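**Q** Supplied in structure tokens, the structure appears directly below.
The numbers here are math on the coordinates, done by the rules we state, and not lab data. Just so it is clear, the structure is predicted and the values come from calculations on it, not from any experiment. Methodologically, a virtual Cβ is constructed for each residue, glycine included, from the backbone with ideal geometry; neighbour enumeration extends over all protein chains shown.
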Amino acid sequence: MADGDLRDDPAARGPRERRDAEGAQESEAARRRRRAQFLRELHEAKQLRDRVQPRRARAARMRQQMRMRTFRW
């Protein structure tokens with residue numbers, strides 16, 4: 001077995017390296033949960049703003065429609 005093979009083999013890693021890899025995976029899952037929560041709250045805030053300011057929301061919708069009409073694929 002070559003030296004490089006030992007580094008690539010997860011069974012050959014020490015307990016600390018394995019723990020770090022698991023921690024990175026957990027932090028990735030935690031990051032995804034935080035991001036999903038943020039996006040839910042952002043969507044809710046946009047809906048609230050649209051309800052509270054209907055004229056501004058209508059103008060924003062019209063601008064978005066105009067952008068989409070003039071967009072070239």
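**Q** May I ask you to compute the full-extension gain from residue 50 to residue 27, defined as 0.36 nm times their residue separation minus their alpha-carbon distance, rounded to one decimal in nm? Don't skip to the answer; put the middle values down first.
**A** Numbers: separation 23, 0.36 × 23 = 8.28 nm, distance 3.43 nm.
That pair, residue 50 and residue 27, stretches by 4.9 nm at full extension.
**Q** Additional query: What FRET efficiency, computed as 1/(1 + (r/R0)^6) with R0 = 25 Å and r the Cβ-Cβ distance, is obtained for residue 42 and residue 71, rounded to the nearest 0.05?
**A** That gives a FRET efficiency of 0.60.
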